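See below for the structure under consideration.
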Amino acid sequence: MSAILKKRKVDLECRAFNPEWEKYFFTERFEQAQCLICLKTVAVLKEYNMHRHWETQHQASSFASMSAAERKEAIVKLSGNLQKSTSLFRKQTTKADKVTRVSYEVSRLLARRMKPFTDGDFIKECIMVVIDSLCPEKRSAFESVSLSPRSLSSH
């Protein structure tokens, strides 16, 4: 008789990141360990994996010859750089989301009115929707702009 063995699922073992693993230049991001030097992640949160990554990828680097104080300083600096780059992507994503949302609002206005972009009042209404979403603090500057056919054709 052959015994049926269940395959061990490592991701269900609820492993946690150990702050001592920072000595290998790793930090925890999104429940994974990420190398601060090359930004790669390891599959399983085990010290052996961090150590193996350090030995195979970065042992010959300038980071290996650093003193303990220099290492801590480098880890803080690299962690800060990672946070800055992440926040930059978040800001760009937020702005892109706003632009997408505004384009849907303008499309909705077009469909509701069944008009092309030739009516000055309608164009102003669309612009105001865009301004309300992207830069509401500048709404008053745009409210006074006239987009009547007469002012548009005079240029």
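The values are calculated or read from the model by the stated rules, or taken from the named source; none is laboratory data. Please read these numbers as outputs of a predicted model, since none were measured by experiment. Cβ sites come from the backbone with ideal geometry, for glycine too, and all protein chains shown count toward neighbours. For the accessible areas, the whole protein counts, side chains as well, though only heavy atoms, and no ligand, DNA or RNA atoms are used. Shrake-Rupley method; radii C 1.70, N 1.55, O 1.52, S 1.80 Å.
Being modelled with pLDDT of 75 or more, acidic (Asp, Glu) and exposed (fewer than 14 other Cβ atoms within 10 Å of the Cβ) is a description that applies to residue 137.
Filtered by the rule that a residue be open to solvent by 40 Å² or more (accessible area, probe 1.4 Å) and part of a helix (DSSP H, G or I), segment 33-62 gives 47, 48, 51, 52, 55, 56, 57, 62.
Quick grid of which residues meet (1) within 30 Å of residue 127 (Cβ to Cβ); (2) of a type in the set (S, T, N, Q); (3) without any contact (Cβ under 8 Å) to a residue 60 or more places away in the chain:
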{"position": "22", "(1), (2), (3)": "no, no, yes"}
{"position": "25", "(1), (2), (3)": "no, no, yes"}
{"position": "37", "(1), (2), (3)": "no, no, yes"}
{"position": "46", "(1), (2), (3)": "no, no, yes"}
{"position": "54", "(1), (2), (3)": "no, no, yes"}
{"position": "57", "(1), (2), (3)": "no, yes, yes"}
{"position": "81", "(1), (2), (3)": "no, yes, yes"}
{"position": "109", "(1), (2), (3)": "yes, no, yes"}
